[in-house]
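The structure appears below as structure tokens.
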Amino acid sequence: MARRTKKTLEFKDVGTGSGPLLVVDDLHTAFRTGRGTVRAVDGVSFEVEEGKTLGIVGESGSGKTVLSRSIMGLLPPRDVVRSGTVHFGGHELTAMDESQLREVWGAELSMIFQDPMTALNPVKRIGVQIAESLALHMGMDKKESRSTAVELLRSVGIPSPEERVRWYPFQLSGGMRQRVMIAIALACAPRLVLADEPTTGLDVTVQAQILDLLADLQRERHMAVILVTHDLGVVATRADDIIVMYAGKIVERAPTRTLFNDTKMPYTRALMDSIPRLSDPSGARLDAIAGRPPDLVNPPTGCRFAPRCQYAQDKCRQSEPPLRTVGSPDHLFACWYPLVDGVSTAPAVAVTVGPTNNPTAGSPSAAAPSTGENDG
Amino acid sequence: MGKYLLRRLLQLVVVSFVISVLAFLLVHLLPGDPTTTILGPNDTAANRAILMKQLGLDLPLWQQYLTWLGAIFQGNFGNSYLNHQSVTHILATGAPVDFELILISQTIAFSVAVPLALVTSRKPNRPLDNVSTTSTFGLLALPPFVVAPILVAVFAVGLGWFPATGYTPFTQSPATNIHQMILPSVAITAGSIAVYYRLLRSDLISTLQQDFITMARSKGLSSRRIMWRHAFRPSSFSLLAAAGINIGALIAGTFVVELLFAMPGIGYALVQAVEQRDYLVVQGIALVVAIAYVIIQFIIDFIFTIVDPRVVRE
């Protein structure tokens, strides 16, 4: 498909190797609710290079979905407080008003939503839903946008796209709908795609297909992708770097290989242990993380994971660990007693094992085997 | 879609048949009989029997029904027992009045309610929304027989912009007709505006919370396009259903306005006929009104197939 000149901002000249594509600096996002202010994203900073894949992992309520919406600026109009900056292709998104953002949205920065059952308009033909972005950002006329929509459907692996282009979402399966959503997100060849739990609503067999498709298209088009998920397994083989979020903060950030080989943060370790393995003996107990993430209206003092951490010490409960490095500069973590070769450096580990000293913990069997169900 | 509509059409035929039986029986279930109406209460039993025979009322019910229905298929609904006007004539002069009243009042209702809902639902509980929600709540509490005298007092008697009463057929003088139609139409439009506005507003507010609206925003579409192209259609289902019921209820349900503005509609004719036990007139009007109702529901069903493609398959 020929890439056409977009009717968007001055983005054409951006991204010629001058710095990272996306720079998020000390981003905070809070919601005013009746119970108080929910600090869903609480001081997050990171960068994404052109063409790279960043995985953002965390359980339900860790703030990862809000983070992705906040990066885009796609937040509800009221009762939201956002601070910090987001630079995209050299432009400060956080300084733009909505009419300026609309020129970036869909054109250079687009989003794949979690649930393909609800994220497509149920009463509009899928072809129309693809074509409207093309008409808006690429200035295509009706005929051209229609034929491009067909090509896009073909490129995301939808059989007989000439016919399907006239179908409605309810006539397609979940996997097909997610393919349509990818086609919509990629229609105008954006530089960065935010994929928010793109496979959570799908059957396991379809999940891999969709992720592979996304990876192929990413390579072809040299896009950067932020893959938001609760499932470390999803990002393990696909992300260049991984950010682990907990209670609105980054708790560990590293290149994927480093994160898996040299896990520093007990929370990351716990996430890994909660993935069921085929090699485990039948009937083996799954190491679920006891308890639930903290209430973001009144987060605990000290390390936010301390109430659920089996290695937590008094220091952890009193002062918050900064995001820091030891040795390798691209491996950041927030823990007073980081793991070394899988073993905690905290003193008196053996005494504090288990959920007995854990005020917010429910029974371990009540916690989900994975890190959580679909969060919004 | 053709199959779906065909099934609906078949249902329509069955329902119409049932209605015709009910309309026919209904009148026979009422106390009193037409001979009393025609001859007065003091005539002899023998005279009544003769008249019964002349009118065919001595025959078994099923025969009377078939005779009645057979004549209707030839366009003959019979004549009024009282003034000997043909029922067909009463319907032909009355129906346009009701049709016009409904058409004008509903056009006003939609053109006020829809834009208002689209504007206010974007920012619920802001001043504009609060004012419209409260004032439509007020409209809902005002029945036509309250609105109509106020309108007459202000716009006919006070300002003299419109006539207080009277009806001229459209075919005779379109300008005069429209001029006379405005006040009565507005009088019945108030309730419709309130219902349509409130339904559409609350459905829009919940639609705007949907993922596909956030998705549409993330494409960079303008708010106006999102409201009209993405939010309006999926929010219009209850509006459409309510419009069907409301319009149905307005057929022959406008007799209060017809009475107040002295317009010869079928609603008024029906009430009169019931009062005077003018059986054939009641039967004829009831049948036509009920069938019109069924046809309107059919049209609404048809619009549903356009607005929501899912109904056809489900």
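The values are calculated or read from the model by the stated rules, or taken from the named source; none is laboratory data. As the structure is a computational prediction, the values presented were derived from the model and not from experiment. Positions of Cβ are generated from backbone atoms using ideal geometry, with glycine treated the same way; all protein chains shown enter the neighbour counts.
Side notes on the structure shown:
- Qualifying residue in segment B:104-121 (condition: assigned by TED's automatic domain parsing to the domain that holds residue B:240, touching a residue at least 40 places away in the same chain (Cβ under 8 Å) and surrounded by fewer than 14 Cβ atoms within 10 Å (Cβ to Cβ)): no
- When residue B:231 is tested against (1) away from chain A (no Cβ under 14 Å); (2) small (Gly, Ala, Ser); (3) in a helix (DSSP H, G or I), only condition (1) is not met.
- Condition check for residue B:253: more than 19 Å from the chain's Cα centre (by Cα) and either outside any helix (DSSP H, G or I) or at positive phi (or both): no
- Residue within segment A:195-203 that is within 14 Å of chain B (Cβ to nearest Cβ), touching an Asp or Glu at 6+ places or on another chain (Cβ under 7 Å) and modelled with pLDDT under 90 present: yes
- Residue A:272 vs. criteria farther than 19 Å from residue A:344 by Cα and not polar (S, T, N, Q): no
- Cross-chain or 6+ apart pairs with Cβ under 8 Å, segment B:122-138 first and not assigned by TED's automatic domain parsing to the domain that holds residue B:192, then surrounded by 12 or more Cβ atoms within 10 Å (Cβ to Cβ): none
- Subset of segment A:91-104 (residues that are crowded, with 16+ Cβ neighbours inside 10 Å and either more than 10 Å from chain B (Cβ to nearest Cβ) or within 15 Å of residue A:192 (Cβ to Cβ) (or both)): A:91, A:93, A:94, A:96, A:101, A:103, A:104
- Residues within segment A:59-75 that are away from chain B (no Cβ under 12 Å) and farther than 16 Å from residue A:112 by Cβ, tallied: 7
- Residue A:122 fulfils the conditions (1) within 8 Å of chain B (Cβ to nearest Cβ); (2) under 28 Å from residue A:211 (Cβ atoms); (3) buried (at least 19 other Cβ atoms within 10 Å of the Cβ); (4) touching a residue at least 24 places away in the same chain (Cβ under 8 Å) except for a single criterion, (3).
- Per the listing A:166, A:146, the residue uniquely touching a Gly at 6+ places or on another chain (Cβ under 9 Å) and either within 13 Å of chain B (Cβ to nearest Cβ) or at pLDDT below 90 (or both) is A:166.
Every residue, every condition in (1) among the aliphatic types (A, V, I, L, M); (2) under 30 Å from residue A:96 (Cα atoms); (3) within 14 Å of another protein chain (Cβ to nearest Cβ), yes or no:
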{"residue": "B:171", "(1), (2), (3)": "no, no, no"}
{"residue": "B:191", "(1), (2), (3)": "no, no, no"}
{"residue": "B:194", "(1), (2), (3)": "yes, no, no"}
{"residue": "B:197", "(1), (2), (3)": "no, no, no"}
{"residue": "B:224", "(1), (2), (3)": "no, yes, yes"}
{"residue": "B:246", "(1), (2), (3)": "no, no, no"}
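- Subset tally (residues that are more than 29 Å from residue B:312 (Cα to Cα) and outside any helix (DSSP H, G or I)) for segment B:1-43: 8
- Any hit, segment A:184-198, residues being within 26 Å of the chain's Cα centre (by Cα) and surrounded by fewer than 22 Cβ atoms within 10 Å (Cβ to Cβ): yes
- Annotation note: of A:108, A:47, A:92, A:59, the sole residue that is touching a residue at least 12 places away in the same chain (Cβ under 8 Å), under 27 Å from residue A:241 (Cα atoms), out of contact with any Gly (no Cβ under 8 Å at 6 or more places or on another chain) and among the charged types (D, E, K, R) is A:47.
- Among the residues making up segment B:245-268, those that are of a type in the set (A, V, I, L, M) and closer than 22 Å to residue B:16 by Cα are B:245, B:247, B:249, B:250, B:251, B:252, B:266.
- For the residues B:193, B:205, B:213, the requirement of being over 21 Å from residue B:300 (Cα atoms), in contact with a helix residue (DSSP H, G or I) (Cβ under 8 Å, 6 or more places away or on another chain) and assigned to a helix (DSSP H, G or I) singles out B:213.
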